[in-house]
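A short write-up of the structure that comes next.
We did not get these values from a lab; they are worked out from the coordinates using the rules stated. Please read these numbers as outputs of a predicted model, since none were measured by experiment. Please note: Cβ atoms are built from the backbone with ideal geometry, for glycine as well, and neighbour counts cover all protein chains shown.
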Amino acid sequence: MLDGKVAIVTGGATGLGRCHALELARLGARVVVNDLGVAADGSGKNESAARAVCDEIKSLGGEAVPHFGDVADWNASKGMFDTALSAFGDVNVVVCNAGFLRDSTLFNMTEQDFDAVIRVHLKGHFCALRHATVHWRERAKAGRPVYGRIISTSSESAFFAPPGQPNYSAAKAGIVALTMGAAQLMQKYGVTANVIMPRARTRMNDAGPLAAMFKRPEDGFDTFAPENVSPLVGWLASPLAHNVSGQVFVIWAKQVTLATAPHLDTRFESDARWTVDSLAATLGPHFEKLEPVKDGFTLQPM
């Protein structure tokens, strides 16, 4: 299904990224496995994990090369694309998956922890999408065939805005907006761009308060196995999804849910320019019927 295609998977050495890389390789893609080999909080560096995934792909008869650059570094991200072009001659599928957590409430979060998470998730997506879209536009302008698929990784935290993740949820909301813009921009080139929001067990949730929720079952179906998510990535990367773009998918277990776009709700109008008093008279009765926060913009968990 993806024979002859070239895929880049960021954060491709463990968890979801590893499963995505293996699934794309199984479908015939040649894969660049990007991973710094950092810990769940972004510290450290280890090249062995990305090399191991490449070796695993090769043992299955596929082709893969590692890349160890920082996805949020402009030059390193460009080097990731140069690696793909040098090794395989093109880039067709870009799966942005790299990220880490540094959770805290607003009361306690440091500037460094906010900046670091925004950087790896949001800027990491920006750098990859920027280099990818330029590559595909230049191919189109040169009269060469273009096959392009962008698959971004967000989270339902973008909807729920958990108070312990002001950095992560903000980054994940930004990723949705960034990808929707790319979908509109690249439609004329035949390039698709979509967002997945997986619920899966990864290094980011295998410890701490979420560990109990995502723990591996002793027997039966593994609801939060990352392998449950990767077939959606494979489908979105394939020709079968050529007409799917600008969509947000929530996926976990045996369930895929499409998210709808935000929409404007209740409208209030005035015959004259608003004043504090007229706003109070018009909006006040409406909000008296609602509960603060619960009936606000933030989506409530299902």
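Which net charge results when you count Lys and Arg as +1 and Asp and Glu as -1 among the other residues whose beta-carbon is under 15 Å from that of Phe287?
Working: positive: Arg267, Lys289, Lys294; negative: Asp265, Glu288, Glu291, Asp295.
Every neighbour counted, the sum reads -1.
State the extension gain, in nm to one decimal, for the chain segment bounded by Thr260 and Ala87, taking 0.36 nm per residue of separation less the distance between their alpha-carbons.
Values: separation 173, 0.36 × 173 = 62.28 nm, distance 3.90 nm.
Length difference between fully extended and current span is 58.4 nm.
Highest GNM mean-square fluctuation, the chain, Cα pairs closer than 10 Å: which of Ser152, Ser104, Ser278?
Of Ser152, Ser104, Ser278, the Gaussian network model singles out Ser278 as fluctuating most.
Taking R0 as 30 Å, what's the FRET efficiency between Ala142 and His242 from their Cβ-Cβ distance, rounded to 0.05? Kindly include the intermediate steps, with their values, before the conclusion.
Details: r = 22 Å, r/R0 = 0.72.
For R0 = 30 Å, the calculated efficiency reads 0.90.
Suppose we flag GluC sites (Glu not before Pro) only when DSSP calls them loop and at most 14 other Cβ atoms lie within 10 Å. Which is the longest uninterrupted stretch of the chain?
The reported range is 48-217.
Let me have the relative contact order for the chain, percent, based on Cα pairs under 8 Å that are six or more residues apart.
Values: 552 pairs, mean separation 48.2, N = 302.
Across the chain, relative contact order equals 16 percent.
Given springs between every Cα pair under 10 Å in a Gaussian network model of the chain, which of Arg273, Arg130, Arg51 has the largest fluctuation?
Comparing Arg273, Arg130, Arg51 in the GNM, the peak value goes to Arg273.
Of Tyr189, Tyr147, Tyr168, which is the most mobile in a GNM of the chain whose springs link Cα atoms less than 10 angstrom apart?
Tyr189
Given the Cα-Cα distance of Glu47 and Arg267 and 0.36 nm per residue of separation, how much length would full extension add, in nm?
On the way: separation 220, 0.36 × 220 = 79.20 nm, distance 5.46 nm.
Contour length minus Cα-Cα distance gives 73.7 nm.
In deg cm²/dmol and to the nearest 500, what is the mean residue ellipticity at 222 nm of the chain if only DSSP H runs of at least 4 residues count, each as -39500 (n - 2.57), divided by the residue total? Present the calculation step by step, with values, prior to reporting the outcome.
On the way: 10 runs with 115 residues, N = 302.
The helix-only estimate for the chain comes to -11500 deg cm²/dmol at 222 nm.
Between rounded, prolate and oblate, where does the range 6-258 land on the alpha carbon gyration tensor, with a ≥ b ≥ c its root eigenvalues, rounded for a/c under 1.5, else prolate if a/b exceeds b/c?
It is rounded, given that a/c, with a ≥ b ≥ c, falls under 1.5.
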